[in-house]
Amino acid sequence: MRIKNWLGPLLGCATLALYLPACRNDFVNFDDPIYVTKNAQVAAGLTADSITYAWTTFDSANWIPLTWLSYELDATLFGVNATAFHATNVLIHALNVWLLFLVLRGMTGHDGRSALVALLFAIHPLHVESVAWVSERKDVLSTLGLLLTLLAYCDYAARPNAFRYAFVCAAFIGGLLAKSMLVTLPILLLLVDYWPLQRILWNEERDEAAENWDDPRRPVLQLIAEKIPLLAIAFLCGLVTLTAQTRALMPLKALPVSYRMAHTVSSYGWYLEKTFCPSDLCVLYFYYQPDLYASLRSLVFALLSLVAITLYVAYWSARRPHLVFGWLWFLISLLPVIGLVQVGSQVYADRYAYVPHIGLFVMLVWEGFHWAANSAVRQRIGWGITVALVAMFLWKTTTQISTWRDSDALWTNALQVDPFNPVAHLLLGDDYFDQDRLTLAQEHYESVFVRQPADARAIMQLARIHERSREWDLAAAYYAWMLRIRPDHELAAESLIKLPNRDSNAKSRPTGLAVEKTREGLKAAQRGEIAFARTQFLEATVLDPEYELAWTSAALACEELGDSPAALRCYEQAVRINPFNVEARHGQGRIVKLTAPHPGTPGR
């Protein structure tokens, strides 16, 4: 049997071998509890109630019944077992690689090029998140639906009839039920009509087609009309998804249209950059108020890249239609997740590149073969670049799979990429808290607390840590602080009441002269004499180093005069005396946020 008949199975087996270590990974504490580990319906397996749940729930701000059913099937067969859930993801990814090869070979007739595209798709580091994260089953499962739709469409295009079209619709619906990102697929099928199926009948070719009854080509309007049922299905699924995501949508006030447009351009540039330089990858690229210089730099880079590639594609479009197909596939398939409709706090996500990379890899591989044709030197250069890319991708992918080993590894990696990521600090703190490693957990919660003094989760977890450590005064102060921020927080109120009786740790009364100095400083501050006021406050701290009000007032005066380092030192002394001085804590967080180097464009 010829080797080309074994290319698909070989690619699938190679993918399984590459991702085998992922099957040893544990669940993580990000989304996995919602989807699997703490979801009673999934843990129950396939029952009447759980099947109903799969079709009716909007949990996780998505409507993904087929994904829920796949989780329930795993739980039925294997229980809530991390190895089994990971193995299912890996198997689906390997099947996707095989199907991608079959689809491309069937549409183009090129074995080698199709195999290389499938190989790049199998090993690219950006795809690790979709495969190694149990919660992203929806990515690999929906892509399986997309590839089955393409297979059915190729069969339909060769011999159109209602029966074959029904298979196209069924596969498309299956993909949408796994994840709604496939809503752009009807438009992508028009691209497939353009190339490689070449079904579009241009005006100058109509006479020729009229003489050939078997000609599969159709006018553009007829091909568009052919997609109307698919567009209707996509529209209905989009409406349901928007309903599911209503609570997670970021409002226009938080992200104006102008920012969303600029961010869309920057995002395309980010995905292009990470395609060729997949470094500093992590699970969550957190949204920050953008740093102007970093944002402009990112925007200019992305805009220049997009314009240059678009001009190149337009120039060669008549003779090299694979460029149009690949570039438009990449741009269009990213649209649902590019940031025009912002869901959640992430600015980018590795998993969003899973489907768009198909078009980009087709474009690159076909163009590479065209460039190297009829030149032995270029062929050697091309294969050298290919081998280097494959080696680099394999190394990065292997490393990236290990970052999904468990929650500790996942969030440690995220903080190496972005030390300011509050979600990473909170969830790594949760992981340590569950392991009873309270000192480490406290460090991460306090990292959030110092920058976000009103973060309810950090406050409550710090209170629980001190309560577990029998530090009743500290626990009580955190619960009381929580009630200052949210007076209706019932859990904080109940926990505060249940704490054991505590001895007062009140500081001794300040000396009279320190009080007089502080009063003089406050009067001077009211008159606008900030420098003199600061002198009075600092003299009061010398007279009584434990006088909290003097330290807080001195910090405010230093901050007003623009001396942030001195203000921070004074705030730290005030917090040392009273760890629950709200004004001092807020001042600390304010100065840290203003003076610390901040990633204006996370992940870049």
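A short reminder: the numbers here are calculations on the coordinates, not readings from a lab. Just so it is clear, the structure is predicted and the values come from calculations on it, not from any experiment. We place every Cβ from the backbone using ideal geometry, glycine too, and count neighbours over all the protein chains shown.
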Estimated inter-spin distance, residue 563 and residue 261, nm [label 7 Å along Cα→Cβ]:
4.7
Counting each DSSP H run of 4 or more residues in the chain as -39500 (n - 2.57), what helix-only mean residue ellipticity at 222 nm follows after dividing by all residues, to the nearest 500 deg cm²/dmol?
-22000 deg cm²/dmol
Signed unit charges on C-beta, dipole axis of the chain, positive-most listed residue 528, 448, 132:
132
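Quick one: putting +1 on the C-beta of Lys and Arg, -1 on the C-beta of Asp and Glu, what dipole do you get for segment 512-595 around its Cα centre, in Debye to the nearest 20? Intermediate results must be reported in sequence, preceding the final value.
On the way: 10 positive and 12 negative charges, 45 e Å.
Using Cβ point charges on Lys, Arg, Asp and Glu, segment 512-595 gives about 220 debye.
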Please give the contour-minus-distance gain from residue 166 to residue 383: 0.36 nm per residue of separation, less the Cα-Cα distance, rounded to one decimal in nm.
73.9 nm
Put +1 on the Cβ of each Lys and Arg and -1 on the Cβ of each Asp and Glu in the chain; which of 178, 112, 337 then has its Cα farthest toward the positive end of the dipole?
112
Cα centroid distance between segment 56-101 and segment 556-596, in Å?
49
Going from the alpha-carbon gyration tensor of segment 512-595, what semi-axes, largest first and in whole Å, does one get by taking the root of 5 times each eigenvalue?
19, 15, 9
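Taking 8 Å as the Cα distance limit and 6 or more residues as the minimum spacing, I'd like the relative contact order of segment 418-498 as a percentage.
About 19 percent, as a whole number.
Work out how much length residue 402 to residue 494 would gain on full extension: take 0.36 nm times their residue separation and subtract the Cα-Cα distance, in nm to one decimal.
28.9 nm
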Of 392, 181, 482, 261, how do they rank once you tally other Cβ atoms within 10 Å and put the fewest first?
261, 392, 482, 181
Taking r as the C-beta separation of residue 225 and residue 529 and R0 as 51 Å, the FRET efficiency to the nearest 0.05 is 0.05
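Filter the trypsin sites (Lys or Arg not before Pro) in segment 297-379 to those in DSSP coil with at most 16 other Cβ atoms within 10 Å of their Cβ, and list the result.
319
Mind giving me the FRET efficiency for residue 277 and residue 73? R0 is 41 Å, r the Cβ-Cβ distance, nearest 0.05 is fine.
0.60
Taking a threshold of 29 Å on the Cα-Cα distance, which of the pairs 227/274; 138/274; 38/138 fall above it?
From the list (227/274; 138/274; 38/138), the Cα-Cα distance tops 29 Å for 227/274.
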Cα-centre dipole for the chain with unit charges at Cβ (Lys and Arg positive, Asp and Glu negative), debye to 20
940
Out of 414, 460, 579 - ranked by how far each Cα lies towards the positive end of the dipole of the chain, with unit charges on the beta-carbon of charged residues - the top one is 414
Which of 312, 19, 352 has the fewest other C-beta atoms within 10 Å, and how do the rest follow up to the most?
312, 352, 19
If you scale each eigenvalue of the Cα gyration tensor by 5 and take the root, what three semi-axes come out for segment 418-498, rounded to whole angstrom and sorted largest first?
20, 15, 9
Expected output is a single nm value to one decimal: the length gained when fully extending between residue 55 and residue 232, i.e. 0.36 nm times separation in residues minus the C-alpha distance. What is it?
61.7 nm
Tell me the label-point distance for the pair residue 47, residue 10, using the 7 Å Cα-to-Cβ offset, in nm and rounded to one decimal.
4.9
